[in-house]
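This report concerns only the one structure given below.
The values are calculated or read from the model by the stated rules, or taken from the named source; none is laboratory data. Since the model is a prediction, treat every value here as computed from it, not as a measurement. Glycine also receives a Cβ, built like all others from the backbone with ideal geometry; neighbour counts cover every protein chain displayed.
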Amino acid sequence: MAKSRPPFASPITRILESLLDRYRDCREGDVASYIPELAKVDPDTFGICVATLDGHVYEVGDSRRRFTVQSISKPFVYGLSLDDHGVDGMARKVGVEPSGDAFNAISLGEEDGRPLNPMINAGAIATTGQVLAGDPATRLARILEMFRRYAGHPLEIDAAVYQSEARTGHRNRAIGHLLRNYDVLTDDPTPVVDVYFRQCSILVDCHDLALMAATLANQGRNPVTKERAIRAEHVESVLSVMASCGMYDSSGGWIHDVGMPAKSGVGGGVLAVLPGQFGIGIFSPRLDQKGNSVRAVRVCADLSEAWELHQFNPPYCPQTSRRHVHTSAEKHSSRSRHAREAACLRDHGDAIRVFEVQGSLSLATTEPIVREVLSAASDLRSLIVDFQHATAINVSSVALLADLASQLRDMGICVLFTHASRLPEIPRVVADRLGPVAAADILRHQSLDAGLESCENDLISAFLPDQDRRILDVSDYELAAGLSDTERAVLTSLLITRRYGRGESIVREGDEAHALFLIASGVVGAWTGPGGESARRTASFSPGTMVGGMAFIDGGPRSATLVADDDVECAVLQRGDFERLESTHPVVYAKILRNIAISLAAKLRLASAHLDLVTRRR
C-alpha cells in the first residue's frame, strides 16, 4: 500500500520557521517586571504569524499562547476615538508628534497640556477618556466590542494582570490627574485610568495580532469576517502615528530600518502592518531597553529585507490601471442586429469607446486613463468605464473620474460607469460630487454589455433613419437572404403574424421547439436560469433577426427563455411547414436552411467575441 504524502509546507511557512529557528536561542533582553504579574511569563515563548488580506494566516511556534496586549491597544483605541470625534476633534485633545521620550514619560504640551501623541501613556490615557460612553462600564464594553471586530472573536481581560497594574500604576494615575488639570480629561480621571489598565490587560495571541494588523492593512475591514472595525478614512491616521511613534523612543530607527507601521507592547507582542498587503503578529517576552521585544524586532527586520516590505521602497506600481480599450466598431454588445444596424456600427462605432480598468486604482494609475479619454473626447459620442476587473479604488480616483464624467456630459457626451456597484466608494462619491440625478444616469447600467447596447441603440438612432430600421416586407428578414421574388412568396405564404406585450414570454427555457421567430418590430431578450433575480439576460435581438434557430433545427429543448423587451411583432415559421418544404420546394428549403446556419454562425461569432472581450488579458 502506497504511503500517504505529508502535507506540503508553504514557502511562507518555511521562511517563518527558519526565523523561529534562527532566533530561538537568542536570550538578550529581560521580561517586563515593573508590572509584577508580567514577570511571571515564560521568557522563551516565541510565536510568529502573518495574515493575508483574504484571511489566510501563516503561523509558527507559540502562535496561540495568550499574553496581554498592553500598549498595542493604544492605536486601536485611538481609532475608536477618531470614529467618535473625527480627526479635528481628537487633535484638540492629543497631538501626533513623536516625543522621543520613554513610553511612560510625562510628555505634555507646555501651553495646553495636550499629550504629544496617542502612543505614549499620557496620550493613550487621554484617548481612552475620549471614547464616548455614559459610564466606565460602557466605555470598557465599547473598547472590548471594538477589539472583537478586529480579532474576529470576543477577547477577555486577564484579571491578575489588571489587578497587578492597578496596584502599581501610580505614575499613570498621576498622568491622569495632570490631564484633568489641563481639561484634556473633563471628568474624574480615576475611572478613565482604570479602564486604561483593563484595556492593556486584554488577552490576545499572535493569531489575533496578525488579523488585527491585516484589518488595518485592509482599510479597516476584517479579512475573515468582512466586518468593518474602523471607518476607512481614519485608518491612515492610525497607521501614521504607528509609523512615527509606535515603537516607543526607537520609532525613528524602526521606520528607517524596517519601514512598516507597527506597535509594540511590554507584554512582548509586536504588531506590524504592510498597508494593502498583510499584517504581522509576533510574541516574544524578552524586551530591549526601549521596551520592544528583541526577537520580534529582529524577525520584522529580516522579513522586511527578505520580502522587500519597506513602505518607502514599494513594489513596482503599474503606470495605469487601463486593462483594455475598444470601440463599438471593434467589439459590439451581445445584441444580434440586422445587417443595416451592424453596418452602422461598423461605420460609426468609433464614437463609442469602452475603457476597462483593473486592479487597485489610485490617483497615479487613474490619471493616465483620464488623459487618454480627454485626448479622444472630440470624437466621442459615448464613454463607458467598466470596473468589473477593479479590485479597489480610493476616493481621490473616484473623484477624478466623476469630474471627468461631469466635464464630458457638459460636452454632450454620454458617460456610463458599469459594474460600479462592486466598489461602494464609486456610487457614494459620484453622488456626492455630481448629485443623485446625474449619478443615477451615469450608474444606470450594471453590466458592460447592457451599457454598450444602450450606447449602440443611441448611435443607431442618430445615424440610421427610422425608415431604414423598419421591417417593410419579408425581404428585410435575414432568413430571406438570397431568395428570389418567387421563393420569397413561398416563404411569405408560410409565415404567421404574432404579437407579444412588454414582458411577455415568447418561449420558455426547456420547451419543445415548434417554431422559428422572425422579429418584425421591438426587441426580444434571451434569459437563462431559474427565473426571478437568478435569471440572467444572455443576449437580445433586433428587428430583422431570427430567434430560436438552434432548437428549431436540431429538435432539442429551448436553451433560453425569450421575453419581449417591449411590444414585439414576430413573423412565425412553424417547424412542420418548414420540413414539408424539403419535398415541395427543396431549393427554398435548402436556402432557408443555409440562412439559419449562417445566422447561428454569426451569433456564435458574436458570443465568442463577447467572451474574448470579457476574458482577454485576464
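Is it the case that some residue within the stretch 5-16 is in contact with a Pro (Cβ under 8 Å, 6 or more places away or on another chain) and among the β-branched types (Val, Ile, Thr)? There is no residue in the stretch 5-16 that is in contact with a Pro (Cβ under 8 Å, 6 or more places away or on another chain) and among the β-branched types (Val, Ile, Thr).
Listed here are the strands (runs of 3 or more DSSP E) enclosed by the stretch 277-365 that have at least 1 residues being farther than 30 Å from Gly55 by Cβ and in contact with a Lys or Arg (Cβ under 7 Å, 6 or more places away or on another chain): 322-327, 352-361. From the residues in the stretch 434-450 that are at pLDDT below 95 and either part of a helix (DSSP H, G or I) or over 23 Å from the mean Cα position of the chain (by Cα) (or both), which one is surrounded by the fewest Cβ atoms within 10 Å (Cβ to Cβ)? Checking each candidate, the answer is Ala450. Taking the stretch 54-76 as the range and being outside any loop (DSSP other than H, G, I, E, B), surrounded by fewer than 24 Cβ atoms within 10 Å (Cβ to Cβ) and touching a Ser or Thr at 6+ places or on another chain (Cβ under 6 Å) as the test, only Tyr58 passes. Taking Asp84 as the residue in question, decide whether it is touching a residue at least 40 places away in the same chain (Cβ under 8 Å) and in a helix (DSSP H, G or I). Spelling it out, Asp84 is indeed touching a residue at least 40 places away in the same chain (Cβ under 8 Å) and in a helix (DSSP H, G or I).
Within the stretch 314-324, is there a residue that is crowded, with 20+ Cβ neighbours inside 10 Å and modelled with pLDDT of 90 or more? The answer is no; no qualifying residue exists.
Condition check ((1) under 23 Å from Ser328 (Cα atoms); (2) not assigned by TED's automatic domain parsing to the domain that holds Ser521) across all residues:
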position: Leu408; (1), (2): yes, yes
position: Arg422; (1), (2): no, yes
position: Pro436; (1), (2): no, yes
position: Arg488; (1), (2): no, no
position: Ile496; (1), (2): no, no
position: Arg499; (1), (2): no, no
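Consider Glu145 carefully, then state whether it is closer than 26 Å to Tyr34 by Cα and acidic (Asp, Glu). Taking the combined requirement at face value, the residue does not satisfy it. If Ser244 passes every condition in (1) surrounded by fewer than 22 Cβ atoms within 10 Å (Cβ to Cβ); (2) among the hydroxyl-bearing types (Ser, Thr, Tyr); (3) under 26 Å from Leu38 (Cα atoms) but one, which one does it miss? Here Ser244 meets the rest and fails (3). The stretch 185-273 holds helices (runs of 4 or more DSSP H) entirely within its bounds, and those carrying 1 or more residues that are under 25 Å from Asp158 (Cβ atoms) and either in the same structural domain as Ala166 (by TED's automatic domain parsing) or touching a Cys at 6+ places or on another chain (Cβ under 6 Å) (or both) map to 189-200, 206-217, 232-245.
In the set (1) part of a helix (DSSP H, G or I); (2) of a type outside the set (Ser, Thr, Tyr); (3) at pLDDT 95 or above, Ala39 fails one condition alone, (3).
Conditions tested, residue by residue: (1) aliphatic (A, V, I, L, M); (2) under 26 Å from the mean Cα position of the chain (by Cα).
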residue: Ala342; (1), (2): yes, no
residue: Asp347; (1), (2): no, no
residue: Asp350; (1), (2): no, no
residue: Glu356; (1), (2): no, yes
residue: Ala364; (1), (2): yes, yes
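Considered as a group, the residues in the stretch 124-167 that are out of contact with any Asp or Glu (no Cβ under 9 Å at 6 or more places or on another chain) and assigned to a loop (DSSP other than H, G, I, E, B) include one that is surrounded by the most Cβ atoms within 10 Å (Cβ to Cβ), and that residue is Ala133. Every listed requirement among (1) more than 18 Å from Arg221 (Cα to Cα); (2) assigned by TED's automatic domain parsing to the domain that holds Tyr58; (3) within 22 Å of the chain's Cα centre (by Cα) is met by Pro314 save one, (2).
Conditions tested, residue by residue: (1) closer than 30 Å to Ile384 by Cα; (2) crowded, with 21+ Cβ neighbours inside 10 Å.
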{"position": "Met260", "(1), (2)": "no, yes"}
{"position": "Gly265", "(1), (2)": "no, yes"}
{"position": "Phe278", "(1), (2)": "no, yes"}
{"position": "Leu287", "(1), (2)": "no, yes"}
{"position": "Asp302", "(1), (2)": "no, no"}
{"position": "Leu345", "(1), (2)": "yes, yes"}
{"position": "Ala364", "(1), (2)": "yes, no"}
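Working only within the stretch 551-572, note down all residues that are touching a Ser or Thr at 6+ places or on another chain (Cβ under 8 Å), more than 16 Å from Arg499 (Cα to Cα) and either surrounded by 17 or more Cβ atoms within 10 Å (Cβ to Cβ) or modelled with pLDDT of 90 or more (or both). The answer is Ala551, Ala560, Thr561. In the stretch 168-184, of all residues being within 43 Å of the chain's Cα centre (by Cα) and assigned to a loop (DSSP other than H, G, I, E, B), the one that is farthest from Val131 (Cα to Cα) corresponds to Asp183. Exactly one residue out of Arg508, Arg498, Arg536 is among the basic types (Lys, Arg), exposed (fewer than 15 other Cβ atoms within 10 Å of the Cβ) and under 18 Å from Ala450 (Cα atoms), and it is Arg536.
Scanning the stretch 105-145 for residues being over 22 Å from Cys245 (Cα atoms) and at pLDDT 95 or above gives a total of 12. Scanning the stretch 30-45 for residues that are over 44 Å from the mean Cα position of the chain (by Cα) and in contact (Cβ under 8 Å) with a residue 60 or more places away in the chain yields Tyr34, Pro36.
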